Amino acid sequence: MGIIYFNGPVQNGDFSLANRPGKAVGIRIAESLNRLLGLDPVPHLWNTVALAGDVRHRDAADRDVIGRQERERRALVAKYAPGPVPGSGLLTDTAPAVVSLALEMIHTLLADGALAVREMAVRLCVRCGHMTGTAAAHSCHSCGKSVTRCARRALLVFDRVEHRPVLQRGDFHAAGARTPAHLLNMARNVPRSLVLSRTRDHGVCLASLGLEGMVLDPRAGLHIAVLAAAIERGAAHPVMTVTENAAANVAAYGAPFRQYGTTRLRYTLHGRVPYDAAANPRLYEVHRAEAVQELFTGWYLPLCAARERSGVSAARLPGLLKFLRRAYLARPATPRGEVLAELRQRAAVGDMSWVMDVRALACALSDRENVSGPAGPQEGERP
């Protein structure tokens, strides 16, 4: 198997996908493109290594009854309410397969000299010992104490300058699309020495490296989650959906963890969807498009966001809705073989221009309706 799409792991925060549908844009893009390519559904990926999660668990009245892993699981299930979790399952950045792969990669990178365990000056909270940073003092976000002290502590470090650039054009999967130069520049401007270990209660434990009480930085771990999911499916070319802001935040930390053997992770960028405006029923009444409302919000707009990486403008919604309706009415009962083959080739190489090609879009709609079996309609969708 070659290309396969995964969502960039979504942080398990305080929201549901029903009230924050924008959080699922990357998930929907990956689902739609994999289905078009005839692939089985992949698990939804989630980031659970967060300081906010540590605080929530510590503050919970039932913390002695419910463990952190179970609390995260329940929170993830609740994300999909009132519907069920996807049949393809959920994968977190602390799943056993991810942890095992992470430790294997870290030990290999240490042996190769790409990573190092090095003592550095840090700031520690005087109350709870949480590491607040390696430079200027900050208030502790773990316990709220405003006083920190200087200390020296062993850390897992990636010296980015001594190895290949942390982000290159080849790290993006998008045929014909311009790689945003500002992303490459932002990635180059991160600190020379990137600290990859953090004080957290939950995550990929680094105690085997002598780093007691520390876990792998989640910005690195989320890349390993994608690799682990791809390796399980025998896919050599996983593509992670991500916004420009997220890519700017995580790319440098993921640089040592974008390749494992012949499996190489790349990014595909997407913009945001104006779901508040798209939820207005008047939009569908005016354009007599009530029949395609769910298709528009759950399928077409995320695909448009993969084409319009700076974000879909609310002003464009009427035009996009009319275009979808036109393609929907023109869809053939069975997609033509040569059109479908061309469409799949475009999807495989990351060419998203087809979402504004009425013939290709009509073919995609027809294929979507004709797909059956494991790659058919997902939970929460109408067939």
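Can you say what percent of the DSSP beta bridges in the chain, counting only those with both residues inside, are antiparallel? Round to 5.
Numbers: 22 of 37 bridges.
The answer is about 60 percent antiparallel.
Per residue, the accessible area of the chain comes to 45 Å², computed with a 1.4 Å probe over protein heavy atoms only. Distance from the C-alpha centroid of segment 246-281 to that of segment 341-366: 21 Å, rounded to the whole angstrom. Helical content alone sets the calculated 222 nm signal of the chain at -11000 deg cm²/dmol, taking -39,500 (n - 2.57) per DSSP H segment of four or more residues and averaging over every residue. Beyond 19 Å, what share of the Cα-Cα pairs of segment 86-164 is found? Please give it as a whole percent. Here the tail beyond 19 Å accounts for 58 percent of pairs. Return the whole-Å distance between the Cα centroid of segment 7-21 and the Cα centroid of segment 322-336. Cα centroid to Cα centroid, the span is 31 Å. To put it simply, the accessible area of the chain at a 1.4 Å probe is 50 percent carbon and sulfur. Normalised by the number of residues in segment 151-281, the average gap of Cα pairs under 8 Å and 6 or more apart makes the relative contact order 26 percent.
Once the Cα-Cα distance is subtracted from the 0.36 nm per residue extended length, the Ala135 to Ala151 segment shows a gain of 4.7 nm.
Among Glu294, Glu232, Glu72, the largest mean-square fluctuation in a Gaussian network model of the chain (Cα springs under 10 Å) belongs to Glu232.
Remark: relative contact order (the chain) = 19 percent; criterion is Cα-Cα distance under 8 angstrom and separation of 6 or more residues.
Separation of segment 131-151 from segment 177-213 is 19 Å, based on Cα centroids. For the chain, taking the reciprocal of the average inverse distance between every pair of different Cα atoms yields a Kirkwood hydrodynamic radius of 22.2 Å. Dividing the mean sequence gap of close Cα pairs (under 8 Å, 6+ apart) by how many residues segment 188-259 holds gives a relative contact order of 29 percent.
The values are calculated or read from the model by the stated rules, or taken from the named source; none is laboratory data. Values in this document were obtained by computation on a predicted structure and should not be read as measured data. Heads up: the accessible areas ignore ligands, DNA and RNA and are worked out on the full protein's heavy atoms, side chains in. Shrake-Rupley method; radii C 1.70, N 1.55, O 1.52, S 1.80 Å.
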